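Each remark here refers to the structure printed beneath this line.
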Amino acid sequence: MREIFAAIVPWATLVYAVSSMLSVGLGHSFSKIIGPLKNWPWVLLALAANFLLAPALAYLLDRAFGLDVPHAVGLFLIGSAAGAPFLLKLTQVARGRMALAASLLVLLLPLTVVFVPLVLPTVLPEAHVSAGAIARPLVFSMLLPLAGGMSLRPVAPGFAARASRPLGDLATVALVVLLASIVVADWPELIGIGARAILAAFVFILGAFLIGLALGARHRERRTVLAFGTAQRNIAAATVVATQTFETLPSVVVMVTAAAVLGMLLLFPLAFAFRWLAAHPATAGFLRRRHA
C-alpha cells in the first residue's frame, strides 16, 4: 500500500506545479508578474530573507540542537532551497496578491539553481551537487508553464479566462492528493525521526516566517507574500539534492520530508489566519497598534 502512495507523490507534485503555474500565467499579464521585480528594495529584502537569513538560521539551529549529521544536512538543504509552488496556494488562502507571489517565484527559482550548488559544498564539503539536476524539474514543471500561460493570455484571452479557474481547482485537488500520499507513504519514517529534529524543523519554519514578516514591513501584500515565501522552502530542489548526493544517508530525505509535512501543518493555519485578518481590517489594525 505504501508503495502505491509513494508512486503517486511525484505525479501529484508534477500536476500541482504545472497546473498552478499555468493558472497564474493565464490569469495575470506579463507586466503584473514582472513589474514587482523592478522594485529593487523589495527584491533585495526577498533575496536577503531567502538566501542569507534562512540558510543562516538553518545552520545555527543545526548547531543549537546538536542534530545528527543526516538531520543537520536535511535541515540545511531546506534552508538553502527557496521558491516553492506551494507559495501560490498559501497566498491564495491568505487572500494575498497572486501576481506578487508568482513574481517572487520567478526571482527565487533560478537563483536557487545557482545558490545551492555553490553554497552546499562550502558548508558540506562531501556534497557534490549538479546544478542541472536541480534546474531541470524546476524549469520544466514551473518556469515553462508560467511563461507558456503568460504567452498564451494575449493570444487567446477568452480561453485564458475560462481555463485559469479550472486549472486552479485542479491544483487544489492535486495538492490534497499529494499531502495525503506523502503522509501515508512516509508515515513510519516520519514518526521515528525524533523530537529534536522535529522541533528544529518547527523552529526553522516559524523563524523563517517571522523573518519574511519582519522584512515585509508595513505593506500588507508584500508582507504576506514574503512571510510565506520565506517559510515555504523548495522541497523539490532539496529532495533532488538529498536523493542524488546523499544516497548513503536516507535519513536526509526523511528530514526533508518531515520538514515539508510540518511546513504544511504550520503554514496553512497561518494562511487562514491571514485570510481572517484580511477580512477584518479593523482587528488587524488594532493588533498592529498594540505591538507597535
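Coordinate-derived values only; no laboratory data. Being a predicted model, the structure only gives us computed values, none of them experimental. Note that each Cβ is placed from the backbone with ideal geometry, even for glycine, and that neighbours are counted across all protein chains shown.
Modelled spin-label separation between residue 114 and residue 217, with each label point placed 7 Å from Cα along the Cα-to-Cβ direction: 2.5 nm.
Extension gain, residue 210 to residue 52: 0.36 nm times the residue separation minus the Cα-Cα distance gives 55.4 nm. At an R0 of 35 angstrom, the distance between the Cβ atoms of residue 176 and residue 144 translates into a FRET efficiency of 0.90.
Available extension along the chain between residue 152 and residue 60 is 28.6 nm, counting 0.36 nm per residue and deducting the alpha carbon span.
For the peptides 101-110, 193-202, the ranking by mean Cβ contacts within 10 Å, running from highest to lowest, is 101-110, 193-202. Quick check: net charge around residue 215, other residues with Cβ under 15 Å of its Cβ, Lys/Arg +1 and Asp/Glu -1? Cβ neighbours under 15 Å give a net charge of +3. For the range 2-277, a crude dipole built from +1 on the beta carbon of Lys and Arg and -1 on the beta carbon of Asp and Glu, taken about the Cα centre, is about 1240 debye to the nearest 20. You can think of it this way: the chain between residue 279 and residue 31 has 86.5 nm of extra reach, that is 0.36 nm per residue less the Cα-Cα gap. With the simple spin-label model, which puts each label point 7 Å out from Cα in the Cβ direction, the residue 272 to residue 189 separation comes to 2.8 nm. Could you compute the FRET efficiency for residue 11 and residue 162, with r as their C-beta to C-beta distance and R0 at 22 Å, rounded to 0.05? Efficiency computed from Cβ-Cβ geometry: 0.30.
Which whole-number percentage describes the relative contact order of the chain, with Cα contacts under 8 Å and a sequence gap of 6 or more? Averaging sequence separation for qualifying contacts and normalising by length gives 34 percent for the chain. Toward the positive end of the charge dipole of the chain, with +1 on the Cβ of Lys and Arg and -1 on the Cβ of Asp and Glu, the farthest Cα among 16, 261, 217 is that of 217.
In the chain, the DSSP-assigned H stretches of four residues or longer account for a calculated mean residue ellipticity at 222 nm of -27000 deg cm²/dmol, using -39500 (n - 2.57) per stretch and the full residue count as denominator.
Let me check I've understood the local charge: for residue 38, count other residues with C-beta under 14 angstrom from its C-beta, Lys and Arg +1, Asp and Glu -1. What total comes out? Here the count lands on +2. With a Förster radius of 41 Å, plug the Cβ-Cβ distance of residue 44 and residue 2 into 1/(1 + (r/R0)^6) and report the FRET value to the nearest 0.05. Calculated value: 0.40. With viscosity set to 1.002 mPa s at 20 °C, what whole-number translational diffusion coefficient in µm²/s follows for the chain from Stokes-Einstein and a Kirkwood radius over Cα pairs? Taking Rh from Cα pairs, D becomes 112 µm²/s.
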